[in-house]
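Q: To start, I am sharing the structure in question, which I have written as structure tokens.
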Amino acid sequence: MTPPPTEPAASGPRRPAPPPRWRRSAVRAPVHLFRMGLGPLFRGRLLLLVHTGRLTGEPRRTVLEVVEAGRMDGRRAWTVASGRGTRAAWYRDLRGNPQAVVQAGRGYHAVSARFPEPEECGESMARSALRQPRAARRFCASLGLTVDGSTEEYRRVGASIPFVVLVEEHF
């Protein structure tokens, strides 16, 4: 029998255990595919975000799913959602330093991150659900959110998810 712990348990949420090595490798595979020049395989659904770590200052690479792609003030823009909320490392890194580089397909684009208000996030989610209803349902389910499939429901759920708009910078 083991003796009871002598220190009181820490209060607040606990960080989940890291995934097994094989799972981390599988999740990182798209990063390697982008770096090998195979970004066009993802047909605009994914992009590679190269950002600066807020604590280390080192470059970090994250593959994100594109919710919307279009133009904002004549410049290319990509909207992405943080499925891990504001706790996601890439999200916190962009909050600290909003300048980054996006690889979409084979092209590289210097971008600046913009953090929309919840109402705009809800609108982005509703538009995405109209274009890709199955993907929107799966995304919501992965977050533990239930939706009835209506535009209003996606709008409501989207307002609770942090979105980031990556806008191409002009030089």
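Q: Tell me the residue from Leu64, Leu55, Leu49 that is more than 22 Å from Arg137 (Cα to Cα) and within 14 Å of the chain's Cα centre (by Cα), please.
A: The conditions single out Leu49.
Q: For the stretch 149-157, indicate whether the set of residues that are in contact (Cβ under 8 Å) with a residue 12 or more places away in the chain and within 17 Å of the chain's Cα centre (by Cα) is non-empty.
A: Scanning the stretch 149-157, I find at least one residue that is in contact (Cβ under 8 Å) with a residue 12 or more places away in the chain and within 17 Å of the chain's Cα centre (by Cα), so the answer is yes.
Q: Condition first: β-branched (Val, Ile, Thr), in contact with a Lys or Arg (Cβ under 9 Å, 6 or more places away or on another chain) and open to solvent by less than 40 Å² (accessible area, probe 1.4 Å). Now tell me which residues in the stretch 80-101 satisfy that.
A: The answer is none; no residue qualifies.
Q: Within the stretch 84-134, count every residue that is of a type in the set (Gly, Ala, Ser), closer than 15 Å to Glu152 by Cα and without any contact (Cβ under 8 Å) to a residue 40 or more places away in the chain.
A: Total meeting the criteria: 3.
Q: Could you look through the stretch 37-86, keep only residues that are modelled with pLDDT of 90 or more and basic (Lys, Arg), and pick out the one that is farthest from Arg106 (Cα to Cα)?
A: Restricting to residues being modelled with pLDDT of 90 or more and basic (Lys, Arg), the top hit is Arg54.
Q: Here's something else I'd like to know. Which one is least open to solvent (accessible area, probe 1.4 Å) among residues in the stretch 68-79 that are of a type outside the set (Lys, Arg) and over 17 Å from Cys121 (Cα atoms)?
A: Across the stretch 68-79, the extreme among qualifying residues is Gly74.
Q: Out of all the residues in the stretch 106-156, which are closer than 18 Å to Gly70 by Cα and of a type in the set (Asp, Glu)?
A: Glu120, Glu123
Q: Which of (1) at pLDDT below 95; (2) in contact with a strand residue (DSSP E or B) (Cβ under 9 Å, 6 or more places away or on another chain); (3) under 30 Å from Glu58 (Cβ atoms) is the odd one out, the single condition Leu143 does not satisfy?
A: (2)
Q: When you scan the stretch 153-161, do you find a residue that is closer than 21 Å to Arg35 by Cβ and surrounded by fewer than 17 Cβ atoms within 10 Å (Cβ to Cβ), even just one?
A: Within the stretch 153-161, none of the residues are closer than 21 Å to Arg35 by Cβ and surrounded by fewer than 17 Cβ atoms within 10 Å (Cβ to Cβ).
The values are calculated or read from the model by the stated rules, or taken from the named source; none is laboratory data. Everything numeric here is computed off the predicted structure, so don't read it as measured data. Here Cβ is always computed from backbone atoms with ideal geometry, including for glycine, and neighbour counts include all displayed protein chains. Please note that ligands, DNA and RNA were not included when accessible areas were found on the heavy atoms of the full protein model with its side chains. Shrake-Rupley method; radii C 1.70, N 1.55, O 1.52, S 1.80 Å.
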